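Presented below is the structure to which this report refers.
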Amino acid sequence: MVQLVSIVLAMASVATAYKTYVAKLPNGDKVAGNVAIGHENPSGGGARNPFGIAFSSAGGKWTPELCKADSDNDGATNGEELGDPCCTWTVGSSLVSGIKATSPVG
C-alpha cells in the first residue's frame, strides 16, 4: 500500500511539474506531437535535450536569450518555433493566433 501511494504521489508531482513548465513557455501546451519539449523522450521524463538544458540554465524562465537561441540548430530560433518570433511574450499573455508552434528540439 505504501508503495502504491508513493507511486501515485510521484506521478502527480511529475504532472504538476509539467503543467508548471508548460505555462512558462509560449504555446508550451500547443507543440504538436511533443508533450515534453525539454526532454529527449517526447512523452516526458528522463534526460533533457538541448532545449531543456537551455531552459534550465535560464532559470526555468522564457528569456530573450532563450527565445533568440536555436537549441536544435535547425536555423529557426526557439521563439520562431514556439510562436514568439519577436521575443515579447510574457507568462500569462496571449500570442498572435494563427501561428503553429513547432518543437525547438528538432
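The values are calculated or read from the model by the stated rules, or taken from the named source; none is laboratory data. This is a predicted model, so every value here is computed, not measured. Neighbour counts run over all protein chains shown; Cβ positions are idealised from the backbone, glycine included.
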(message) With surrounded by 19 or more Cβ atoms within 10 Å (Cβ to Cβ), modelled with pLDDT under 95 and on the phi > 0 side of the Ramachandran plot as the only criterion, which of 92, 106, 83 stands out?
(response) 83
(message) Cβ contacts < 7 Å: first residue closer than 11 Å to residue 82 by Cβ and charged (D, E, K, R), restricted to segment 24-38; second residue assigned to a loop (DSSP other than H, G, I, E, B) and modelled with pLDDT under 85, any location; separation 6+ or different chain. Result?
(response) 30/101
